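What follows is one structure encoded as structure tokens, with my remarks underneath.
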Amino acid sequence: MIEVKELTKRYGATVAVDGLSFRVEPGQVTGFLGPNGAGKSTTMRVLLGLDAPGSGEALVNGRRYAAIRHPMREVGALLDAAAVHGGRSAFDHLRWLARSNRIGVRRVTEVLEQVGLAGAARRRVGGFSLGMRQRLGIAAALLGDPGVLMFDEPVNGLDPEGVRWIRHLMRSLAAEGRTVLLSSHLMSEMALTADRLVVIGRGRLIAETSVQDLAGRF
Ligand code: ADP
Ligand code: ADP
């Protein structure tokens with residue numbers, strides 16, 4: 001479960017997140033919807049301990065990220081897939097992550113198969129397309145078999161088949177009882193994938209609604 005309470009985060013004069021509160025429950029896909037610049041990535045970065053909160057709290061399973069003993073076993077995330085380093089093979093990249101998080105190396109083969117990269121495991125990540133990087137980032141998120149997952153714009157760079165694959169993956173992760181937060185600026189994507197929506201704009205909560213209720217209004 002994810003809890004964001006009265007979170008505010010500024011970068012200089014920019015208020016990226018402004019008194020934001022919401023919860024993400026297990027067993028469903030929660031869409032985090034808002035235009036570019038709304039504060040979605042900032043919120044996820046704070047939840048993942050990559051940025052300090054200005055004020056307020058961002059908790060995963062009731063704790064700050066820094067207080068979680070084996071973070072990758074509790075929370076997996078896909079943030080900026082384009083940023084994955086290029087020198088190593090996909091297998092070596094994941095093996096290094098597994099080792100540094102005390103996750104068995106057997107999981108590396110499993111997640112590479114799960115994301116459809118088994119055939120590219122020995123290839124250098126530098127030669128990967130954006131879609132392959134997304135898949136690799138998702139493999140990293142799944143590595144620790146975490147109960148909480150966050151995906152920031154995961155369909156970027158994917159072809160239609162990849163988009164359908166992501167949708168199916170999100171639905172299965174939620175059906176397994178995991179907590180899934182999916183950020184996107186595309187309502188069309190959310191309508192097909194999410195059960196519930198947290199809508200933000202300019203760092204503030206605009207609406208929290210079930211996708212069914214929202215669809216009923218059109
Ligand atoms: P979203 O993910 O919804 O597109 P972001 O969280 O990336 O939104 O950005 C929210 C606001 O904070 C934007 O105005 C953005 O320019 C600003 N911002 C985000 N990260 C930084 C940073 N590291 N330094 C300065 N401004 C930032
Ligand atoms: P360590 O795991 O040794 O404490 P870091 O936490 O800095 O080191 O993580 C090392 C690498 O693992 C980085 O590339 C980071 O992006 C990635 N990473 C960390 N936590 C997660 C996570 N929950 N999901 C996916 N990747 C993660």
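What follows draws every value from the coordinates through simple rules; no lab data is involved. Please read all numbers here as calculations on a predicted model, not as lab measurements. Note: ideal-geometry Cβ built from the backbone for every residue, glycine included; neighbour counts use all protein chains shown.
Applying a DSSP loop filter and a limit of 16 other Cβ atoms within 10 Å to the trypsin sites (Lys or Arg not before Pro) in the range 32-140 leaves ARG64, ARG69, ARG88, ARG102, ARG122, ARG123.
So for the pair ARG204, LYS5, with labels modelled 7 Å out along Cα→Cβ, what separation do we get in nm? In this crude label model, ARG204 to LYS5 measures out at 2.2 nm. The simple Förster model, with R0 at 22 Å and r as the Cβ-Cβ distance, assigns ARG69 and TRP96 a FRET efficiency of 0.65. Normalising the average separation of contacting C-alpha pairs (under 8 angstrom, six or more residues apart) by the number of residues puts the relative contact order of the range 96-155 at 38 percent. Structure remark: mean-square fluctuation, Gaussian network model of the chain, C-alpha springs under 10 Å; the largest value among VAL125, VAL46, VAL15 belongs to VAL15. Once the dipole of the chain is set up with Lys and Arg at +1 and Asp and Glu at -1 on Cβ about the Cα centre, which of VAL24, ALA67, PHE151 lies farthest towards its positive end? My answer, from the dipole projection, is ALA67.
Taking 7 Å steps out from each Cα toward its Cβ at ASN61 and HIS185 produces label points 3.4 nm apart.
Considering only alpha-carbon pairs that sit under 8 angstrom and 6 or more positions apart, the relative contact order computed for the range 97-218 is 17 percent. This ranking places HIS93, HIS70 by how few other beta-carbon atoms lie within 10 Å of each, fewest first, which gives HIS70, HIS93. Within the range 176-218, the GluC sites (Glu not before Pro) that combine a DSSP coil assignment with at most 15 other C-beta atoms in a 10 angstrom radius are GLU176. Ordering VAL180, VAL199, HIS85 by the projection of their Cα atoms onto the charge dipole of the chain, which places +1 on the Cβ of Lys and Arg and -1 on the Cβ of Asp and Glu, puts HIS85 at the extreme positive end.
Based on DSSP H segments of at least four residues, each scored -39500 (n - 2.57), the chain has a per-residue ellipticity at 222 nm of -9500 deg cm²/dmol. Based on C-alpha pairs under 8 angstrom that are at least 6 apart in sequence, the chain has a relative contact order of 31 percent.
One Cα centroid belongs to the range 70-124, the other to the range 23-66; the line between them spans 22 Å.
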